[in-house]
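Below: the structure, in structure tokens.
The values are calculated or read from the model by the stated rules, or taken from the named source; none is laboratory data. Computed from a prediction, not measured in an experiment: that's the story for all the values here. Positions of Cβ are backbone-derived with ideal geometry, glycine not excepted, and every protein chain shown enters the neighbour counts. Areas reflect the complete protein model, heavy atoms only, side chains present, ligands, DNA and RNA absent. Shrake-Rupley method; radii C 1.70, N 1.55, O 1.52, S 1.80 Å.
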Amino acid sequence: MTELITGIGELTTHDDSGERRHDAALVIGDGRILWIGPAAHAPAADRQTDVGGRAVLPGWVDTHTHLVFGGDRSSEFEARMTGQAYAAGGINTTVAATRAASETELVATARSLRHEAETQGTTFLETKTGYGLDVESEARSARAAAQVADVVTFLGAHIVPTGIDRRDYLELVTGPMLAAVLPSVQFIDAFCEQGAFDVEETREVLLAGRAAGLGLRVHGNQLGFSGGVRLAAELGAHSVDHCNYLEPADIDALAASTTVATLLPACDLSTRQPFPPARRLLDAGVSIALATNCNPGTSYTTSMPFCVATAVLQMGLTVGEAVWAATRGAARSLGRDQGADAVGSLVVGGRADLQVLNAPSISHLAYRPGVPLTAGVWKQGVRTTLGG
């Protein structure tokens, strides 16, 4: 079954031209983009959908989420809003609740959040473990994540849980825990931050993951100059996430590497951290991505449109730059921006992951912040929602 999509007011493909097209159409079939070109020259298809002058763009690629968890931390959020500083140790609250949850319960929560994300245009999603922090609970979390997410990251090195020696825990993360999650994960991550893990501990964890065949990701420089950004660049990590506190040498290291800086604006609002210097990163030639960091403690949102709007209104990005960072830039941070399995762009032969906005242009994502604009979503060519 092929489908011709016409009536496109503005088409953003994120192909190498970087142009927004007008009077364009596209044909999808078998989960792929089969044709893109002028609407007047569109070939016949089994079915035709007229989107009525709306904007079409790639589906969001959310590359930093923590969807597998139990419990609630709304009281912690309220305390932060009255001036209490965020500290990494709050994660222990979620660890206790996650350990108490069944795998069925963890899957149900994650699926609900993924559905919520998809209704807002997200078509490809990464999630992490990191709230189990013992071998059995991390393995259960990894299995649950693999049932819901497109990509799973092992984050045993989130914090050192209460009741265990630090060195003993690192040996657990790099040994039995890593072995237990390995069938379900593609990446390894570590929280390189005060209150979590220092640079050398993070290096130990990442190198163990690399030796096991996993790609590298890093939580770095969220709460201070932790050294995580430069370590990520040194090791060639796919992504370093947060990047709130950067020295010129950090930016230079990223610019000289292939590591993507993944920025998490919703988290910065919730924790009242300074926003990352997005404009400086781009001007230095660093590839950036945007992600929600959906988690129960510091960023309980699945809304990529909210992150895009915040990046434009608060971080100095243009609408086009923010949308690119939330689609193709994010795909780059997963190594999925090229080839037949690429996401985050609309190109002939690529996956038919796309969204339609109830607006004539992507500019409305920031022009009308907070307004639900998702009119339709196609995931691998299958239409999942279509509004008026």
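Return the only residue of S345, S361 being more than 20 Å from R114 (Cβ to Cβ), under 21 Å from the mean Cα position of the chain (by Cα) and hydroxyl-bearing (S, T, Y). Step through it out loud before you land on a result.
Values: S361 fails: under 21 Å from the mean Cα position of the chain (by Cα).
Matching residue, one of S345, S361: S345.
Of all residues in the range 353-372, those that are of a type in the set (V, I, T) and modelled with pLDDT of 95 or more have Cβ atoms under 6 Å from Cβ atoms of residues that are outside any strand (DSSP E or B) and open to solvent by less than 10 Å² (accessible area, probe 1.4 Å), 6 or more apart or on another chain, in V356/V51; I362/V323.
Entry remark, the range 134-149: residues being open to solvent by 30 Å² or more (accessible area, probe 1.4 Å) and either of a type in the set (S, T, Y) or in a helix (DSSP H, G or I) (or both) number 4 in total. If the condition is being open to solvent by less than 30 Å² (accessible area, probe 1.4 Å) and among the hydrophobic types (A, V, I, L, M, F, W, C), then the range 170-195 contributes L170, V173, M177, L178, V181, V185, F187, I188, A190, F191, C192.
Consider the range 73-89 and keep the residues that are in a loop (DSSP other than H, G, I, E, B), open to solvent by 40 Å² or more (accessible area, probe 1.4 Å) and under 11 Å from T271 (Cα atoms). The one that is modelled with the lowest pLDDT is A87.
Are any residues in the range 10-31 open to solvent by 70 Å² or more (accessible area, probe 1.4 Å) and assigned to a strand (DSSP E or B), and if so, which ones? Reasoning before the result, please.
Initially, the range 10-31 is screened for residues open to solvent by 70 Å² or more (accessible area, probe 1.4 Å), giving 16, 19-23, 30.
Once the filter is applied, which keeps residues that are open to solvent by 70 Å² or more (accessible area, probe 1.4 Å) and assigned to a strand (DSSP E or B), the range 10-31 yields R20, R21.
The rows are residues; the columns are (1) over 20 Å from R336 (Cβ atoms); (2) buried (at least 19 other Cβ atoms within 10 Å of the Cβ); (3) out of contact with any Pro (no Cβ under 9 Å at 6 or more places or on another chain); (4) touching a residue at least 40 places away in the same chain (Cβ under 8 Å).
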residue	(1), (2), (3), (4)
L235	no, no, yes, no
H238	no, yes, yes, yes
E247	yes, no, yes, no
A253	yes, yes, yes, no
I288	no, yes, no, yes
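When H64 is tested against (1) in contact with a strand residue (DSSP E or B) (Cβ under 7 Å, 6 or more places away or on another chain); (2) open to solvent by 10 Å² or more (accessible area, probe 1.4 Å), only condition (2) is not met.
From T119, T104, T93, which residue is open to solvent by 10 Å² or more (accessible area, probe 1.4 Å), of a type in the set (V, I, T) and within 20 Å of E193 (Cα to Cα)?
Details: T119 fails: within 20 Å of E193 (Cα to Cα); T104 fails: within 20 Å of E193 (Cα to Cα).
Checking each option against the conditions leaves just T93.
Here is the figure for the range 155-185: residues that are part of a helix (DSSP H, G or I) and farther than 16 Å from T202 by Cα total 7. Tell me whether the range 102-119 contains one or more residues that are assigned to a loop (DSSP other than H, G, I, E, B), over 19 Å from T292 (Cβ atoms) and in contact (Cβ under 8 Å) with a residue 12 or more places away in the chain. No, that holds for no residue.
Hey, among V205, V152, which residue is over 15 Å from H66 (Cβ atoms), in contact with a strand residue (DSSP E or B) (Cβ under 7 Å, 6 or more places away or on another chain), among the aliphatic types (A, V, I, L, M) and not in a loop (DSSP other than H, G, I, E, B)? Reasoning before the result, please.
Values: V152 fails: over 15 Å from H66 (Cβ atoms).
When all the criteria are applied, what remains is V205.
Residue selection: V61 satisfies the criterion of being at negative phi and touching a helix residue (DSSP H, G or I) at 6+ places or on another chain (Cβ under 6 Å). The numbered conditions (1) on the phi < 0 side of the Ramachandran plot; (2) loosely packed, with under 15 Cβ neighbours inside 10 Å are all true for G52 except (1).
Scanning the range 279-307 for residues that are more than 13 Å from the chain's Cα centre (by Cα) and farther than 22 Å from Y86 by Cα yields R279, R280, L281, L282, D283, A284, G285, V286, S287.
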